[in-house]
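Working notes for the structure below.
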Amino acid sequence: MKPASQPDHVALLRRHNLRPTRQRLAVLRVLAAEENDATAQQIHTALAGAGDRVGLATVYRTLAALSECGAVDALTHHPGEACYRLCSQGHHHHLVCERCHRVVELRDCDLDSWVADRASRHGFTVRAHTVEVSGLCADCRDDRSAGREQGLGDPVLESVGGDHVHR
């Protein structure tokens, strides 16, 4: 995701009825700079490295609040720990590389009628759906990026077939 300015973060928090505290803004700043996703521990480490004094428990509470209100997405591809991502607005799904953790947002969703049909067969009423597909990206599949290190950095956003691709 393109790094957002501080006022954009304030507006995002207010849009989700959250107060724009120093800690929340700091967490959003780290997530905005992350090209894929990050765990609470990775966010905490980045904050400490930047000189921001935000406790790990505060990072977890902040991420829980941001995720609960829909300001950030929580991805579950790390066993036992959620990864968080500041995504574009609007309904979308994710492709996640199991090796390098590259994330691709899939913007066009053709699942609504299929989900509604399957839910109806079982007596459910659909309120929302999310899809997270895990696998290997082309680079990892070809072992070209096996030695590439992960880190928090500046993302590059490309549009590929209507989907947002972060590299």
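The values are calculated or read from the model by the stated rules, or taken from the named source; none is laboratory data. The structure displayed is predicted, hence computed values, not measured ones. Cβ sites come from the backbone with ideal geometry, for glycine too, and all protein chains shown count toward neighbours.
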Handout entry: Residue in the range 100-111 that is modelled with pLDDT of 85 or more and of a type in the set (A, V, I, L, M) present
Key = no
Reported set for the range 95-128 where residues are over 21 Å from PRO79 (Cα atoms) and in a loop (DSSP other than H, G, I, E, B) is ARG107, ASP108, CYS109, ASP110, LEU111, HIS122, GLY123, PHE124, THR125, VAL126, ARG127, ALA128
Inset, instruction - Would you check if there is a residue in the range 4-27 being under 12 Å from the mean Cα position of the chain (by Cα) and either among the acidic types (Asp, Glu) or surrounded by 13 or more Cβ atoms within 10 Å (Cβ to Cβ) (or both)? - result: no
Reported set for the range 49-87 where residues are loosely packed, with under 13 Cβ neighbours inside 10 Å and either aliphatic (A, V, I, L, M) or touching a residue at least 60 places away in the same chain (Cβ under 8 Å) (or both) is ALA57
